[in-house]
Amino acid sequence: MPDVQEKIRRVGRVVGTLCTVARVLLSVSSVAFFVIAVLMYCNVPVPTGFVEKATDNGIFQYLVMIPNVESTVPARELLMIRSFTYAISQLILLYLVSIVHSMVADVAEGEEPFQVKTARRLRRSLWQVLFLALMNVMVALVVFFFGLLVSYLIEYGAYLQQRANEVSRIQEQIIVQFAEITENKSGQTGQHVKRVSEYARVLADEMGLSSTEADNIRLASTMHDVGKLLIPSEILDKPGRLTDEEYAVIKQHTTYGGQLLNNVEGEVMRLSRTIALDHHERWDGHGYAQGKVGEDISLEGRIVAVADVYDALTSRRSYKDAWDDREAYDEIVRCSGTQFDPAVVEAFERRYDEINEIRRRYHDDA
């Protein structure tokens, strides 16, 4: 899924650069017109034609309609006033650009791109746009109404964002509760679900996925074994090795997981279903349930496969003792290109210290 927040940040950086350039130009322009006004006041010769052309589109064009203005106010003084007020309008525009720059930073860099306070701050500032009429009446009106529209769009975006956050929160609660039910059915797994989810997040991050994608995989992976809810407890909890028939029943948990999550909507739930189906597939095609090969297996499934096996090896089960962490590491590396995606194993090797620290932090209670 495209990371919308990252796209917003990229656009924000471009707009921020444009705002910086605009602020420099407006600063130079306002200073220039202030200097021209001072020079005219001091009767120093200046290019009046330039001043007339620059300020012709502003509110000054209506001064000539006032009776006797041109005959009572010297043309040079009118130009001086026009130059001075134009400089002020440039400063006001500079202030508005600064506000836009600040709001773009709020949208692009904040945890949540749309905020009600940003919209209200924009509306409070809009009345100052009317001073742009000193420079250009039409521009002032267009900017004012466009800014008003944008402020309401940001506020509506904040409302939709709040609703989306609430849906995500409820979805996360459901996922966590399902994961806890699954975990409780197999008492020996301890904090297996928590560790696997954190391992998966680290691996996804190392493989270049965005923070949003990595966090979605972290959350979705907590339901990788949800299909075990439909596996008889006497098989799940059996001490010692399983018979071939029992192992065949255990293998059905991937299919059961896909079925349980088949009609559930939402990006994270879709990922949960994909992971539930694919986390026991093998890179060489000898996995289950569909015998997928290589990149036909979802990336999320390939990531969770490594995370799940590493944790299974380093955890105590009813049928085995926990492996030493270094032995488990060597086993993961040995199975690169056969059981596991080599790229995921390379990510595992690069971030192993962090993964092992997670294992220690969320160790099973004795």
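So that you can scan it fast, the table gives a plain yes or no per residue for (1) modelled with pLDDT of 80 or more; (2) loosely packed, with under 13 Cβ neighbours inside 10 Å; (3) under 30 Å from ASN216 (Cα atoms):
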{"position": "PRO2", "(1), (2), (3)": "no, yes, yes"}
{"position": "VAL21", "(1), (2), (3)": "yes, yes, no"}
{"position": "ILE36", "(1), (2), (3)": "yes, no, no"}
{"position": "CYS42", "(1), (2), (3)": "yes, yes, no"}
{"position": "VAL51", "(1), (2), (3)": "no, no, no"}
{"position": "THR55", "(1), (2), (3)": "no, no, no"}
{"position": "PHE60", "(1), (2), (3)": "no, no, no"}
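Criterion first (under 21 Å from the mean Cα position of the chain (by Cα), modelled with pLDDT under 75, assigned by TED's automatic domain parsing to the domain that holds LEU78 and of a type in the set (A, V, I, L, M, F, W, C)) does ALA108 satisfy it? Full working, then the answer.
Values: under 21 Å from the mean Cα position of the chain (by Cα): yes; modelled with pLDDT under 75: yes; assigned by TED's automatic domain parsing to the domain that holds LEU78: yes; of a type in the set (A, V, I, L, M, F, W, C): yes.
Answer is yes for this residue.
List pairs: first in segment 336-361 and surrounded by fewer than 17 Cβ atoms within 10 Å (Cβ to Cβ) and modelled with pLDDT of 95 or more, second of a type in the set (D, E, K, R) and part of a helix (DSSP H, G or I), Cβ under 8 Å, 6+ apart or cross-chain?
Within 8 Å, the pairs are ARG350/GLU206.
Answer yes or no as to whether GLU245 is among the charged types (D, E, K, R) and within 23 Å of VAL344 (Cα to Cα).
Numbers: among the charged types (D, E, K, R): yes; within 23 Å of VAL344 (Cα to Cα): no.
Criteria not met by GLU245.
What number of residues within segment 271-295 satisfy the criterion of being surrounded by 16 or more Cβ atoms within 10 Å (Cβ to Cβ) and part of a helix (DSSP H, G or I)?
So the answer is 8.
Being under 21 Å from ARG241 (Cα atoms) and of a type in the set (Gly, Ala, Ser) is the requirement here; does SER315 meet it?
Numbers: under 21 Å from ARG241 (Cα atoms): yes; of a type in the set (Gly, Ala, Ser): yes.
Spelling it out, SER315 is indeed under 21 Å from ARG241 (Cα atoms) and of a type in the set (Gly, Ala, Ser).
Can you name the number of the only condition in (1) out of contact with any helix residue (DSSP H, G or I) (no Cβ under 6 Å at 6 or more places or on another chain); (2) at pLDDT below 80; (3) part of a helix (DSSP H, G or I) that ARG82 fails?
(1)
Listed residues ARG241, ARG201, ARG195; which is touching a helix residue (DSSP H, G or I) at 6+ places or on another chain (Cβ under 9 Å), of a type in the set (Lys, Arg) and in a loop (DSSP other than H, G, I, E, B)?
Working: ARG201 fails: in a loop (DSSP other than H, G, I, E, B); ARG195 fails: in a loop (DSSP other than H, G, I, E, B).
The conditions single out ARG241.
Can you find, within segment 296-321, the residue that is nearest to the chain's Cα centre (by Cα) among those that are outside any helix (DSSP H, G or I) and either buried (at least 21 other Cβ atoms within 10 Å of the Cβ) or not assigned by TED's automatic domain parsing to the domain that holds LEU236 (or both)? Reasoning before the result, please.
Within segment 296-321, the subset outside any helix (DSSP H, G or I) is 297-298, 315-321.
Subsequent filtering for residues that are either buried (at least 21 other Cβ atoms within 10 Å of the Cβ) or not assigned by TED's automatic domain parsing to the domain that holds LEU236 (or both) retains 297, 315.
Numbers: ILE297: 26, SER315: 34 Å.
The qualifying residue nearest to the chain's Cα centre (by Cα) is ILE297.
Does PHE131 satisfy the criteria of being closer than 25 Å to LEU25 by Cα, modelled with pLDDT under 75 and assigned by TED's automatic domain parsing to the domain that holds LEU25?
Details: closer than 25 Å to LEU25 by Cα: yes; modelled with pLDDT under 75: yes; assigned by TED's automatic domain parsing to the domain that holds LEU25: yes.
Here the answer is yes, as PHE131 does meet what is asked.
Would a scan of segment 345-362 turn up a residue that is more than 22 Å from GLN252 (Cβ to Cβ), small (Gly, Ala, Ser) and not in a strand (DSSP E or B)?
So in segment 345-362, the residues more than 22 Å from GLN252 (Cβ to Cβ) come out as 345-362.
If we keep only those that are small (Gly, Ala, Ser) as well, we get 347.
Pick out the ones that are also not in a strand (DSSP E or B) and you get 347.
Scanning segment 345-362 turns up at least one residue that is more than 22 Å from GLN252 (Cβ to Cβ), small (Gly, Ala, Ser) and not in a strand (DSSP E or B).
Give me the residue from segment 146-169 that is assigned by TED's automatic domain parsing to the domain that holds LEU126 and β-branched (Val, Ile, Thr) and, out of that set, surrounded by the most Cβ atoms within 10 Å (Cβ to Cβ).
Once the filter is applied, the top-ranked residue is ILE154.
Being of a type in the set (A, V, I, L, M) and under 24 Å from ALA179 (Cα atoms): is that true of ALA312 here?
Values: of a type in the set (A, V, I, L, M): yes; under 24 Å from ALA179 (Cα atoms): yes.
Criteria met by ALA312.
Could you tell me whether VAL268 is at pLDDT 90 or above, assigned by TED's automatic domain parsing to the domain that holds ALA220 and part of a helix (DSSP H, G or I)?
Values: at pLDDT 90 or above: no; assigned by TED's automatic domain parsing to the domain that holds ALA220: yes; part of a helix (DSSP H, G or I): yes.
Considered against the rule, which asks whether it is at pLDDT 90 or above, assigned by TED's automatic domain parsing to the domain that holds ALA220 and part of a helix (DSSP H, G or I), VAL268 comes out as no.
Could you check how many residues of segment 216-254 are over 14 Å from ILE175 (Cβ atoms) and not hydroxyl-bearing (Ser, Thr, Tyr)? Write out each step before concluding.
Narrowing segment 216-254 to residues over 14 Å from ILE175 (Cβ atoms): 227-228, 230-254.
Pick out the ones that are also not hydroxyl-bearing (Ser, Thr, Tyr) and you get 227-228, 230-232, 234-242, 244-246, 248-253.
Residues in segment 216-254 being over 14 Å from ILE175 (Cβ atoms) and not hydroxyl-bearing (Ser, Thr, Tyr): 23 in total.
Report yes if THR72 is more than 24 Å from THR17 (Cβ to Cβ), of a type in the set (S, T, N, Q) and modelled with pLDDT of 75 or more, otherwise no. Even if it seems obvious, please write down each step before you answer.
On the way: more than 24 Å from THR17 (Cβ to Cβ): yes; of a type in the set (S, T, N, Q): yes; modelled with pLDDT of 75 or more: no.
In short, no.
Within segment 276-321, work out how many residues are closer than 25 Å to HIS363 by Cβ and among the charged types (D, E, K, R). Steps first, answer last, please.
Filtering segment 276-321 for residues closer than 25 Å to HIS363 by Cβ gives 279-280, 303-321.
In the following step, the residues that additionally are among the charged types (D, E, K, R) were identified as 308, 311, 316-317, 320-321.
The total comes to 6.
Please find, among TYR329, TYR256, the residue that is under 24 Å from ARG241 (Cα atoms) and touching a Leu at 6+ places or on another chain (Cβ under 8 Å).
Working: TYR329 fails: touching a Leu at 6+ places or on another chain (Cβ under 8 Å).
Within the list TYR329, TYR256, the selection yields TYR256.
The values are calculated or read from the model by the stated rules, or taken from the named source; none is laboratory data. Being a predicted model, the structure only gives us computed values, none of them experimental. For neighbour counting, all protein chains shown are included, and Cβ atoms are generated from backbone atoms with ideal geometry for every residue, glycine included.
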